Amino acid sequence: MDFAILVTITGMVVVFAALIFLTFCIWLMGKLLSSFTKPKQPAAPKTEAKPAAPAPKAPAPVANATAGIPGEVVAAISAAVASMMGGKPFAVRSIKRKKQTRPAWGAAGIVENTRPF
Amino acid sequence: MDFAILVTITGMVVVFAALIFLTFCIWLMGKLLSSFTKPKQPAAPKTEAKPAAPAPKAPAPVANATAGIPGEVVAAISAAVASMMGGKPFAVRSIKRKKQTRPAWGAAGIVENTRPF
Amino acid sequence: MDFAILVTITGMVVVFAALIFLTFCIWLMGKLLSSFTKPKQPAAPKTEAKPAAPAPKAPAPVANATAGIPGEVVAAISAAVASMMGGKPFAVRSIKRKKQTRPAWGAAGIVENTRPF
Amino acid sequence: MIAIACVLIYLAIGRGFEPLLLLPIAFGMLLANIPVANLNSYAAPYIDPVTGKEMAGSLIYYLYQGVKLGIYPPLIFLGIGCMTDFGPLIANPKSFLLGAAAQGGIFFTFIGATMLGFTPQEAGSIGIIGGADGPTAIFVTSKLAPDLLGAIAIAAYSYMALVPIIQPPIMKLLTTKKERAVVMETLRPVSKIEKIVFPIMVTLIVSFLVPDAAPLVGMLMLGNLMRESGVVERLSKTAQNELMNIITIFLGVTVGATATAERFLDPKTLKIIALGLIAFCVGTACGVLLGKLMYVLSKGKLNPLIGSAGVSAVPMAARVSQKVGQKENPANFLLMHAMGPNVAGVIGSAVAAGVLINICK
Amino acid sequence: MIAIACVLIYLAIGRGFEPLLLLPIAFGMLLANIPVANLNSYAAPYIDPVTGKEMAGSLIYYLYQGVKLGIYPPLIFLGIGCMTDFGPLIANPKSFLLGAAAQGGIFFTFIGATMLGFTPQEAGSIGIIGGADGPTAIFVTSKLAPDLLGAIAIAAYSYMALVPIIQPPIMKLLTTKKERAVVMETLRPVSKIEKIVFPIMVTLIVSFLVPDAAPLVGMLMLGNLMRESGVVERLSKTAQNELMNIITIFLGVTVGATATAERFLDPKTLKIIALGLIAFCVGTACGVLLGKLMYVLSKGKLNPLIGSAGVSAVPMAARVSQKVGQKENPANFLLMHAMGPNVAGVIGSAVAAGVLINICK
Amino acid sequence: MIAIACVLIYLAIGRGFEPLLLLPIAFGMLLANIPVANLNSYAAPYIDPVTGKEMAGSLIYYLYQGVKLGIYPPLIFLGIGCMTDFGPLIANPKSFLLGAAAQGGIFFTFIGATMLGFTPQEAGSIGIIGGADGPTAIFVTSKLAPDLLGAIAIAAYSYMALVPIIQPPIMKLLTTKKERAVVMETLRPVSKIEKIVFPIMVTLIVSFLVPDAAPLVGMLMLGNLMRESGVVERLSKTAQNELMNIITIFLGVTVGATATAERFLDPKTLKIIALGLIAFCVGTACGVLLGKLMYVLSKGKLNPLIGSAGVSAVPMAARVSQKVGQKENPANFLLMHAMGPNVAGVIGSAVAAGVLINICK
Ligand code: NA
Ligand code: NA
Ligand code: NA
């Protein structure tokens, strides 16, 4: 029994320690990267961050945009979006043209051939 | 030699015993299931069972339906059907809308995600 | 050191011996097969071999055909062809209707079924 | 036993309980319990005492080595990594806390199992059912208490299938109407570089702190790196499809075939099934309770319903959060917020698995 | 030997003899017979007597373990199960009898081989050629007489390719014009539940009666259950495609590479090839003869031509029945009726395999 | 070590250096160097000295056996064979000579490595980097000097990625403007029968002369025969896709995981990287120089630029020849002519590998 409680305490402490440390590192990475990349693309984030500027502390764009629309309709649309987006909620935002790091003929070579083996 | 004949007899007896037993079990299953399901869906089987009602004990719909059509035509059609149906002769009859046993959003989850692993 | 040089000499000799022998065998195979197949299809090879008959010893059809066209254009087309043909430069020439060695229904059987296992 | 296997087959096909694993598991159980046929996971090669000839082990025995040696579960995690988008977790790293809290079910059940007389090894394997992660549960059990593999795998996958039934009452009980109606702020977009750094960072941190979790987390993150890098699409596609399918068949059948009658028809099995349910419930409750705490601390910005998604069972638990939340406020769209704790729960239970293996092995 | 391998390659490519297996088999034979290269299935790891260093076995040796330990054939059966529709057999279970009768070729040849001086183990392996089922033949031979693997596999696959040439004369000889012209009643539709219960029932019954057939029948039926359940399509697709293709390459090459000169260039090989042909012919005849009996008993409702399909060689033998029947009556459509005995023959030869392994091992 | 692994991950993802292999290799290296986690290729199963319990090896250890026993590289060659068109080589068999000459880099580096104090086994493994063929390099190194696997694999794949940077200066230095501008005659069409006979002939000849090259060449040619025969498309498709992808993941991760700090952080590694570059340069130069000789002998019909393609690195090196040639004469289309030496180089380095294994093992 004592052993079990000891294991439980150790376990929860380690799990929390590991995940809190991860939280901190990921948060730090986010800060660092955004401080690097921010100056380069100042326009885009701004418009994204304030989709509905006049409403201060807007809970969410969705809720905002639905003012005056009956709840049922919103529910239906929301459900449709949910079912379409499935497990990849950021599909649309994160679509990006992949950086072409090689000249085209090199890239083609990688795709279609035996080269890398 | 004697050993070989013994093996042969044993072998054929076991093979026949096993497969006759299977014959019986499968036949029994068919009977049981049809007695269960018949009352529930009385309309469908009827129309299927009597594709050409006026001809009692019709040997087969195909033969029946071909009365008055020259043999060559039937052969051609039959061959075409055979080549199309390949190893799955019942393809058409057994197509069924799969029973949706979960609500749609649950089913979608199963298809598109990592869930069951 | 002496050992290393010995290995190098042995190595290069074996590599060259093997590949020269291969060169010879492949060349021989080409000769033998063309002597077998030539008589059967005398028309096709001729027209292929002399795409531009009036120019004796034409270096290559491509170069031939480009007389009078500015280099840049040729380069662009050539590059396009190169990128399309990728690692399979003979794609077009070697396309052939596969010889049907079985009656159609047999061939179909092979493709679509469990047979060969 | 054969009847139990048939019931499981019915649950898999007729009720759609995680059929990808429950169907092979059930069929493996069926095979293992046919007398004389000797198609169980323990039928090792042996020397015939009469003839002195070497006899091969059963097919199942050879395929089972991948479970016994801990090879299959990490390879399945490789495929899962290729399928998982950690974006929501990167955008809101606080989700990690909810993913940690939901592991409470594991350790609570560990205490309960010890009290019921299970050895620490067995208790750890039973507790891990609360991680709601099949491969993690099988990995831990194969190392600590392989005799329980059948019962634990069946309990884990069955309860994962039942998440939409188990979780909502607990979630409603522990939250107020107001809390459930909280609409959360849209998550920030996550850059490609963050998604690439994330798997490397997680591998390093988790493996340093809990080395025994390294095979699971390492493979999960390799898969994710293959996915996010975008340069090895052909590898990623094969890892998440053909490789994972092949391993799933082998894993399912051989785990099922560990459940021979003398191992499965034991009062232990019933206790395991009961404890597994407790583990799921407590895990859900812990997640929701930490959610409530964070709701208070964040001054009402965080919806505690997303805490229940911390048990893993990706993405079913996140969908449950979404559904329960939408009942209060039809315009509420919690799914993407719940995906954060949901994928954090996978990492969390791998960490818990590492701790249990380290202590109990 | 190399010349023989080249002839087999020609048969596979130029004549289309079961190329999926005969091409790898022939190439394996080629590799195994290159002097010094040591690329045969017996090149085990060894300790170098001079240096005392441990030397690895050949690539082929390692891949061959899947044959030796009886792993590949059941896995191929798993894929076949995913591809096979047992519907016609369920609709007309009497087909099982025809599938049983056609195994007569196996046991007749067993007697013949014993008379020619083969050991019971060898005779059993030769007889199983008459089962017209590649994986079954390889499974039995790998257990009873592995030295004959090459010859038996080549004979089995060659004769399977020759089924459209071997069977028709025998079928015509044994049947009257009237019998061949019989038009059979359309089969009843088979419900999904029957198709799901069928594989479970067959696994249980066959494994109880003939435990040694359990690995083959069990995997065949697991595959079929995966197919018919409709809930694990991604597993079923991989099992019948990628998994089966990988195993086929490994199986073919390594079975071919057992055929080293000292094993293959033996008068035995010629006898095996002759006996294999006899097995096919007798099996066909037995099937047709039981068909004739059932024709009489059913008062002319059963066309005896479908009996020949009982030898397996799915679906070629069923197509032969169809073709021969159509020659008499162009409107006759026997294919679906012949598929019943055809798939029953697969189960029948697996049962016969179990009997032979049990008695001769 | 972890920093080095991160740099390699950057090279793979950010710079596109052969990511299909460099990414798994780098991640394997990362895993192998996490303290305590014990995820390296050497973590064999062991008996715990305290408890006396048998402990399983690491996941990586088990997957590594495919490298150690020489199984993965030939299977990758099987897939490459299914992808490769030897048509240009058959049409112009003289290309074999260029493919032979380019192996000069291997043996020149062998001398250099011996002079720097490497053992013959190590020198052979280093030299083979000049073959510009990943699986060949890994096959040789796993047999001769497995401790160098990490360094050699990384060097080989990195330089293969750098071929478009390494080769052009050497090619320009050694050729005149006139030579580079040579336009070659169109290659003759190659019949299907030649393409089918070719793999059989190459297997036989190479295996007879250099038996140690047989596993690599045999599998390469089996793959090519499967491709050209056209009758086993489903096998060929699986071999070049799923099977190759699975093996690539396992090979990459486990080769990377051999690079533990004590093996990799060694002055040897720097020497290997330097020697590898020399091997590539000398190989390129040898190819071009023989090209120049053949230019003279053929009275200006052969463009010496195609000689550099003899180092393999299919098809990148052939594309480099094409690109350099087109700079002189935009209408020049050397690609198909360069593919001949290019694929000959694969066979050439397999032969060189066989020689090195035979002498140094
Ligand atoms: Na979890
Ligand atoms: Na059969
Ligand atoms: Na090379």
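Rule-based calculations on the coordinates, nothing more; no lab input. The shown structure was predicted, so the numbers you read here are calculated from the model rather than taken from an experiment. We place every Cβ from the backbone using ideal geometry, glycine too, and count neighbours over all the protein chains shown.
Just a few scattered comments:
- Single residue of segment D:159-199 satisfying the filter (within 19 Å of D:Val296 (Cα to Cα) and surrounded by fewer than 18 Cβ atoms within 10 Å (Cβ to Cβ)) that is nearest to the other protein chains (Cβ to nearest Cβ): D:Glu185
Residue by residue, here is whether (1) over 17 Å from the mean Cα position of the chain (by Cα); (2) under 30 Å from D:Ile246 (Cα atoms); (3) of a type in the set (A, V, I, L, M, F, W, C) holds:
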residue	(1), (2), (3)
E:Thr203	yes, yes, no
E:Ser229	yes, yes, no
E:Ser236	yes, yes, no
E:Val253	yes, yes, yes
E:Leu289	yes, no, yes
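- The listed residues are E:Ala259, E:Ala274, and the only one of them that is among the small types (Gly, Ala, Ser), surrounded by fewer than 24 Cβ atoms within 10 Å (Cβ to Cβ) and either within 16 Å of ligand 3 (Cβ to nearest atom) or under 20 Å from the mean Cα position of the chain (by Cα) (or both) turns out to be E:Ala274.
- Where a residue in segment B:9-23 is within 7 Å of chain E (Cβ to nearest Cβ) and under 13 Å from E:Pro341 (Cα atoms) and its partner, wherever it lies, is of a type in the set (D, E, K, R) and surrounded by fewer than 24 Cβ atoms within 10 Å (Cβ to Cβ), with Cβ under 9 Å and at least six apart: B:Thr23/E:Lys94
- For segment E:317-361, filtering for residues that are buried (at least 24 other Cβ atoms within 10 Å of the Cβ), away from ligand 2 (no atom under 16 Å from the Cβ) and closer than 29 Å to E:Thr114 by Cβ leaves 0.
- Checking every residue in segment F:291-299 against the condition of being more than 28 Å from F:Ile4 (Cα to Cα), within 19 Å of the chain's Cα centre (by Cα) and aliphatic (A, V, I, L, M) gives zero matches.
- Within segment D:111-123, restricting attention to residues that are under 18 Å from D:Ile154 (Cβ atoms) and in contact with a Leu (Cβ under 7 Å, 6 or more places away or on another chain), the residue that is nearest to ligand 1 (Cβ to nearest atom) is D:Ala113.
- Counting only residues that are in a loop (DSSP other than H, G, I, E, B) and either farther than 12 Å from E:Glu179 by Cα or facing chain B (nearest Cβ under 10 Å) (or both), segment E:301-326 holds 5 of them.
- Residues within segment F:84-139 that are over 17 Å from the mean Cα position of the chain (by Cα), more than 18 Å from F:Ala338 (Cβ to Cβ) and of a type in the set (Gly, Ala, Ser), tallied: 3
- Per-region count, segment D:67-84, residues over 18 Å from D:Asp133 (Cβ atoms) and in a helix (DSSP H, G or I): 1
- Of the set (1) within 16 Å of ligand 2 (Cβ to nearest atom); (2) surrounded by fewer than 24 Cβ atoms within 10 Å (Cβ to Cβ); (3) of a type in the set (A, V, I, L, M); (4) within 11 Å of chain D (Cβ to nearest Cβ), all apply to E:Ala285 but (4).
- Note on segment D:13-48: residues that are part of a helix (DSSP H, G or I), within 13 Å of D:Val253 (Cβ to Cβ) and more than 7 Å from chain E (Cβ to nearest Cβ) total 8.
- Set side by side, the residues F:Asn329, F:Asn358 differ, and just one is in contact with a Gly (Cβ under 9 Å, 6 or more places away or on another chain), within 14 Å of another protein chain (Cβ to nearest Cβ) and more than 16 Å from ligand 1 (Cβ to nearest atom), which is F:Asn329.
- From the options D:Phe108, D:Phe96, residue that is over 27 Å from D:Gly28 (Cα atoms), more than 16 Å from ligand 2 (Cβ to nearest atom) and touching a Leu at 6+ places or on another chain (Cβ under 6 Å): D:Phe96
- Checked against the criterion of being free of Cβ contacts under 8 Å to residues at least 40 places away in the same chain, within 14 Å of chain A (Cβ to nearest Cβ) and either under 24 Å from D:Ala309 (Cβ atoms) or surrounded by fewer than 24 Cβ atoms within 10 Å (Cβ to Cβ) (or both), the candidates D:Gly117, D:Gly130 yield just one match: D:Gly117.
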